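The values are calculated or read from the model by the stated rules, or taken from the named source; none is laboratory data. Here the structure is a predicted model, which is why all the values come from computation and not from measurement. Methodologically, a virtual Cβ is constructed for each residue, glycine included, from the backbone with ideal geometry; neighbour enumeration extends over all protein chains shown. For the accessible areas, the whole protein counts, side chains as well, though only heavy atoms, and no ligand, DNA or RNA atoms are used. Shrake-Rupley method; radii C 1.70, N 1.55, O 1.52, S 1.80 Å.
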Amino acid sequence: MERIRRTMMFVPASNAGMLREANLYGADSIMFDLEDSISLREKDSARFLVYQAVKTIDYENTEIIVRINALDAGGRDDIEAMVRAGIDAVRLPKTETAQDVADAEEVIAEVEEKCGRKLGSTKIFAAIEGPLGVLNAYSIATASERIIGIAIGAEDYVTSMKTRRYPEKNSEELFFARSMIVHAARAAGIAAIDTVFSDVNDMDTLRKETEFIKQLGFDGKSVINPRQIPVINKVFTPQKKEIENAEDVMSAIKEAEANGSGVIALNGKMIDKPIVERAQRTLQLAKAAGMLQEGEQ
Ligand SMILES: CC(=O)SCCNC(=O)CCNC(=O)[C@H](O)C(C)(C)COP(=O)(O)OP(=O)(O)OC[C@H]1O[C@@H](n2cnc3c(N)ncnc32)[C@H](O)[C@@H]1OP(=O)(O)O
Ligand SMILES: O=C([O-])CC(=O)C(=O)O
Ligand SMILES: [Mg+2]
């Protein structure tokens with residue numbers, strides 16, 4: 001079954017308590033951070049803590065991702081330890097070009113070979129956090145067979161654009177970058193993940209922002225605090241009414257096909273191929289979110 005990625009929670013890797021409890025909050029993916037939430041003097045101990053955590057804690061079926069440092073700032077050591085620990089994917093920060101992905105992939109492949117892991121088993125998420133990366137989004141998204149998704153990192157992006165975030169103005173400063181990233185991901189057939197929302201007490205704006213990025217086509221959102229998870233998961237989980245509507249669409253099109261037609265009206269609305277594909281997608285997501293059993297519909 002397809003992996004659902006509504007929420008990817010950043011967990012600062014220097015905090016042993018957070019590492020231990022990271023799986024308790026219902027995030028679809030956990031993303032241990034070795035990069036910007038870790039001070040320089042804690043980098044080595046944080047890497048060691050994540051290695052131990054991944055080796056010894058049962059995170060069950062949750063996807064385990066680690067955000068590494070730039071290759072010339074400790075990232076090679078991060079890859080060495082994380083591939084050995086057996087994580088699912090590496091998140092590359094501040095990806096600017098396809099070459100950045102190729103460079104990381106070379107190190108990952110070397111370590112896989114050295115420690116006997118299956119070649120290609122460590123996947124890559126590339127975070128795009130600056131204007132050059134945005135302009136190169138499609139070549140980044142297609143730079144490696146290992147890439148399973150791209151994400152926008154808005155805090156660094158607005159900083160490099162010499163602006164700031166304006167959630168109170170519908171985040172218009174992010175519209176171009178979000179559009180580029182979601183188009184690149186869709187054209188490449190991989191996941192598109194939106195950026196963090198930094199006010200951990202403003203659930204109302206978080207919900208509105210999540211509804212908006214869902215409207216653009218994103219699969220999910222990066223998270224910085226457990227309290228944000230239920231808000232985002234709810235927006236990205238098909239609701240009962242949507243599931244019922246998708247089931248009605250599937251029944252209607254079966255009836256049309258039985259009568260030799262590819263189009264039919266349901267409650268005054270036209271149903272044909274793209275609408276059927278959307279209904280199938282809703283049912284797939286509902287299954288992945290545990291709302292429907294495998295085999296239903
Ligand atoms: C721009 C970027 O690079 S963003 C990515 C890097 N940044 C991060 O990873 C930051 C992650 N988030 C955090 O560190 C924190 O949530 C903060 C600093 C934003 C807010 O901290 P607080 O106000 O103390 O959080 P809060 O009071 O809601 O914490 C409640 C509980 O959740 C835990 N928690 C909070 N955030 C996280 C997290 N990201 N992962 C795991 N557990 C967490 C706390 O340890 C606490 O647990 P406890 O009740 O057992 O003590
Ligand atoms: O990737 C993210 O959403 C967090 C981040 O590093 C940024 O916003 O710069
Ligand atoms: Mg960043």
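For the stretch 280-294, indicate whether the set of residues that are closer than 27 Å to Asp28 by Cβ, over 22 Å from the mean Cα position of the chain (by Cα) and open to solvent by 30 Å² or more (accessible area, probe 1.4 Å) is non-empty. So far as the stretch 280-294 goes, yes, one or more of its residues are closer than 27 Å to Asp28 by Cβ, over 22 Å from the mean Cα position of the chain (by Cα) and open to solvent by 30 Å² or more (accessible area, probe 1.4 Å). Taking the stretch 87-98, which residues are outside any loop (DSSP other than H, G, I, E, B) and touching a residue at least 40 places away in the same chain (Cβ under 8 Å)? Once the filter is applied, which keeps residues that are outside any loop (DSSP other than H, G, I, E, B) and touching a residue at least 40 places away in the same chain (Cβ under 8 Å), the stretch 87-98 yields Ala89, Arg91, Ala98.
Being among the hydroxyl-bearing types (Ser, Thr, Tyr), surrounded by fewer than 22 Cβ atoms within 10 Å (Cβ to Cβ) and touching an Asp or Glu at 6+ places or on another chain (Cβ under 9 Å) is the filter here, so list the residues in the stretch 13-40 that pass it. Hit for the stretch 13-40 is Ser14, nothing else.
Among the residues in the stretch 66-86, are any over 22 Å from Ile147 (Cα atoms) and assigned to a loop (DSSP other than H, G, I, E, B)? No, the stretch 66-86 contains no residue that is over 22 Å from Ile147 (Cα atoms) and assigned to a loop (DSSP other than H, G, I, E, B). Scanning the stretch 60-82 finds one or more residues that are more than 20 Å from Ala188 (Cβ to Cβ), of a type in the set (D, E, K, R) and buried (at least 20 other Cβ atoms within 10 Å of the Cβ). The set of residues in the stretch 218-246 being over 30 Å from Ala126 (Cβ atoms) and of a type in the set (D, E, K, R) consists of Lys240, Lys241, Glu242, Glu244.
Whether a residue is within 20 Å of Val66 (Cβ to Cβ), assigned to a strand (DSSP E or B) and at pLDDT 95 or above was assessed, and Ile140 does not pass this test. Just one of the listed residues (Ile243, Ile275) is in contact (Cβ under 8 Å) with a residue 40 or more places away in the chain, hydrophobic (A, V, I, L, M, F, W, C) and open to solvent by less than 40 Å² (accessible area, probe 1.4 Å), namely Ile243.
For the stretch 141-159, residues that are touching a residue at least 40 places away in the same chain (Cβ under 8 Å), under 21 Å from Asp33 (Cα atoms) and surrounded by 18 or more Cβ atoms within 10 Å (Cβ to Cβ) total 10.
Taken over the stretch 215-225, the criterion of being open to solvent by 20 Å² or more (accessible area, probe 1.4 Å) and within 16 Å of ligand 2 (Cβ to nearest atom) is satisfied by Leu216, Asp219, Ile224, Asn225.
Does the stretch 138-154 contain at least one residue that is more than 16 Å from ligand 2 (Cβ to nearest atom) and touching a Cys at 6+ places or on another chain (Cβ under 6 Å)? Within the stretch 138-154, not a single residue is more than 16 Å from ligand 2 (Cβ to nearest atom) and touching a Cys at 6+ places or on another chain (Cβ under 6 Å).
Against the numbered list (1) assigned by the TED database to the domain that holds Met18; (2) among the hydrophobic types (A, V, I, L, M, F, W, C); (3) over 22 Å from the mean Cα position of the chain (by Cα), Ala246 comes up short only at (1). Sub-7 Å Cβ pairs linking a first residue in the stretch 125-139 that is over 9 Å from Ala177 (Cα atoms) to a second residue that is at pLDDT below 95 and away from ligand 2 (no atom under 11 Å from the Cβ), at least 6 apart or interchain, number zero. Taking the listed residues Asn69, Asn23, Asn15, Asn61, the one that is under 21 Å from Val111 (Cβ atoms) and of a type in the set (S, T, N, Q) is Asn69, with no other qualifying. Annotation: of all residues in the stretch 112-128 being buried (at least 18 other Cβ atoms within 10 Å of the Cβ) and within 17 Å of Asp78 (Cβ to Cβ), the one that is nearest to ligand 3 (Cβ to nearest atom) is Ala127.
So which residues in the stretch 168-199 are modelled with pLDDT under 95 and closer than 22 Å to Val223 by Cβ? Correct list: Glu168, Asn170.
Here the stretch 179-191 is the region considered, the condition is being within 20 Å of Asp28 (Cβ to Cβ), out of contact with any Lys or Arg (no Cβ under 7 Å at 6 or more places or on another chain) and not in a loop (DSSP other than H, G, I, E, B), and the residue that is farthest from ligand 1 (Cβ to nearest atom) is Arg186.
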